[in-house]
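The structure appears below as structure tokens.
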Amino acid sequence: MTFEAAVLVLEDGSRYLGQAYGARGQRLGEVVFATGMTGYQETITDPSYAGQIVVMTAPHIGNTGVNDEDPESSRIWVSGFVVRDASRVVSNYRANGSLDDQLTEQSIVGISGVDTRAITRRLRDSGSMRGGIFSGADAELTADEQLAAVKEAAQMTGRSLSSEVSTVEAYVVDAIGASIGRLAVLDLGVKTSTLNYLAERGFDVHVLPQTVTFDEMLAIDPVAVFYSNGPGDPSASDGHVELLTQVLKKGLPFFGICFGNQLLGRALGYGTYKLPFGHRGINQPVIDVNTLRTEITSHNHGFAVDAPVGEISQSPAGFGRVEVSHVNLNDNVVEGLRALDIPAFSVQYHPEAASGPHDANYLFDRFRDLVLENAKDNK
């Protein structure tokens, strides 16, 4: 067996030599690590990873191959993929292809045979940073040329990526069972499992492009509004914040996840900031401050809301009382917001978590109950 050389270069000059994996070429992006031991197919097809090179901390990747049931979207979104031991054999009854072949088919440049533990420690200590994977002819570039390419790559801070991942045309996912009304979903990088869970709660799910106006949203006569997950810096999404501000003033029930949580924070008047290395993976412990129940949750975010933990505060934007409803037990980062005087809440993590865990799936029921209660109060 012959191997082609590849190298991962970080913007601090760190270099990790390995083997070409997937497509050959040069790919640049923000290098982050994901701690899930399963769910690599869900990870790479999550639109929230657009613009990022993902390092899998689990050592053995690809052993269950790929299938047509688990993707969270229609394509792979990661800019690059870094693994330690790429499986040479696919062994799962659901598989209809190999991860390596799928990466190649979709032109995703990867690298294997590197010390992902060392890379993770570097990112954990120094923070997420820009990087590049170089293979094929690009592996022959000099170290200085490769590093220069990395340093010329776009920073994630200040970057808006919603237009790259959002649907262009609106579409509908019909309610499963009796309908409780139309739900306006702003697609900022929504995942398939999210739409399915909302439809299972009785919503006729209208998925709208990120360019939708407030009047266009109202035209479908929604009973509520949902903001999805997505990539990029929330401080670069002023238009989505303004749209949400109008939603909140209208009194429509609102639920947001991940990027949607950050945008709710901004609409309520709080700031956002970039985390050193973010939360990514399916093993993040979060506490619900009301029930004191600890949930193991799925995450993928590099930004967070700057709101006071442990107290009820007044919305700087004039929407009344707000509490931080969920807190990360590892670092005390805000993981959820609940408005007490308007029908709106959000969480920073992913309650749909197709690859697990499912501790937070009840939040879709909570949203359904909020919508039904709001409709009853307005009769």
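The values are calculated or read from the model by the stated rules, or taken from the named source; none is laboratory data. Predicted, not measured: the structure shown is a model, and the values here were computed from it. Counting neighbours? That spans all protein chains shown, and the Cβs are built from the backbone with ideal geometry, glycine included. Side chains are part of the model used for accessible areas, which takes the heavy atoms of the whole protein and leaves out ligands, DNA and RNA. Shrake-Rupley method; radii C 1.70, N 1.55, O 1.52, S 1.80 Å.
A few notes on this one:
- Taking the Cα centre of segment 99-161 as origin and assigning +1 to Lys and Arg Cβ atoms and -1 to Asp and Glu Cβ atoms, the resulting dipole is close to 540 debye.
- Segment 304-351, accessible area per residue, ligands and nucleic acids excluded (1.4 Å, Å²): 36 Å²
- Amide H contacts under 5 Å for G256, placed H, 5+ residues apart: Y227, F345, S346, V347
- Taking amide H as placed 1.01 Å from N in the peptide plane, T45 has its amide H under 5 Å from the amide H of E72, W77, each at least 5 places away in sequence or on another chain.
- If only the Cβ of Lys and Arg carry +1 and only the Cβ of Asp and Glu carry -1, the dipole of the chain around its Cα centre is close to 540 debye.
- Value at 222 nm in deg cm²/dmol, rounded to 500, when DSSP H runs of n ≥ 4 in the chain each add -39,500 (n - 2.57): -6500 deg cm²/dmol
- Taking the Cα atoms of segment 315-379, the ratio Rg/Rh between the radius of gyration and the Kirkwood radius comes to 1.03.
- When each of the peptides 246-257, 279-290, 174-185 is scored by how many other beta carbons lie within 10 Å of its residues on average, the order from highest to lowest is 246-257, 279-290, 174-185.
- Going by accessible surface with a 1.4 Å probe and the largest first, M56, M37 read M37, M56.
- Segment 76-138 and segment 197-211: distance between their alpha carbon centers, rounded to Å: 32 Å
- For D359, the solvent-accessible surface computed with a 1.4 Å probe is close to 50 Å², ligands and nucleic acids excluded.
- Scalar couplings 3J(HN,Hα) for segment 173-180, obtained by applying the Karplus form with A = 6.51, B = -1.76, C = 1.60 to θ = phi - 60°, are 10, 5, 4, 9, x, 5, 7, 10 Hz; x denotes Gly and Pro.
- The 1.4 Å probe gives accessible areas that order T45, T38, largest first, as T38, T45.
- For the chain, the relative contact order works out to 14 percent when only alpha carbon pairs closer than 8 Å and six or more residues apart are counted.
- For segment 1-133, the gyration tensor built on C-alpha atoms gives a prolate shape. Its axis ratio a/c (a ≥ b ≥ c) is at least 1.5, and a/b is the larger of a/b and b/c.
- Using θ = phi - 60° and Karplus 6.51 cos²θ - 1.76 cosθ + 1.60, couplings along segment 96-111 (whole Hz; Gly, Pro as x): 10, x, 9, 4, 4, 5, 5, 4, 5, 4, 9, 6, 9, 7, x, 9
- Remark: accessible surface ordering of K151, K191 (largest first) is K151, K191, probe radius 1.4 Å.
- Taking a ≥ b ≥ c as the square roots of the eigenvalues of the alpha carbon gyration tensor, segment 214-342 is prolate, as a/c is not under 1.5 and a/b beats b/c.
- Within segment 23-101, the chymotrypsin sites (Phe, Trp or Tyr not before Pro) that combine a DSSP coil assignment with at most 13 other C-beta atoms in a 10 angstrom radius are Y93.
- Alpha-carbon centroid distance for the pair segment 27-43 / segment 264-315, whole angstrom: 20 Å
- The chain - share of DSSP beta bridges that are antiparallel (%, nearest 5): 60 percent
- Relative contact order (%) - segment 1-129, alpha-carbon pairs under 8 angstrom, separation at least six: 31 percent
- If you run the Gaussian network model on the chain, springs between alpha carbon atoms under 10 Å, then out of S128, S313, S112 the most flexible one is S313.
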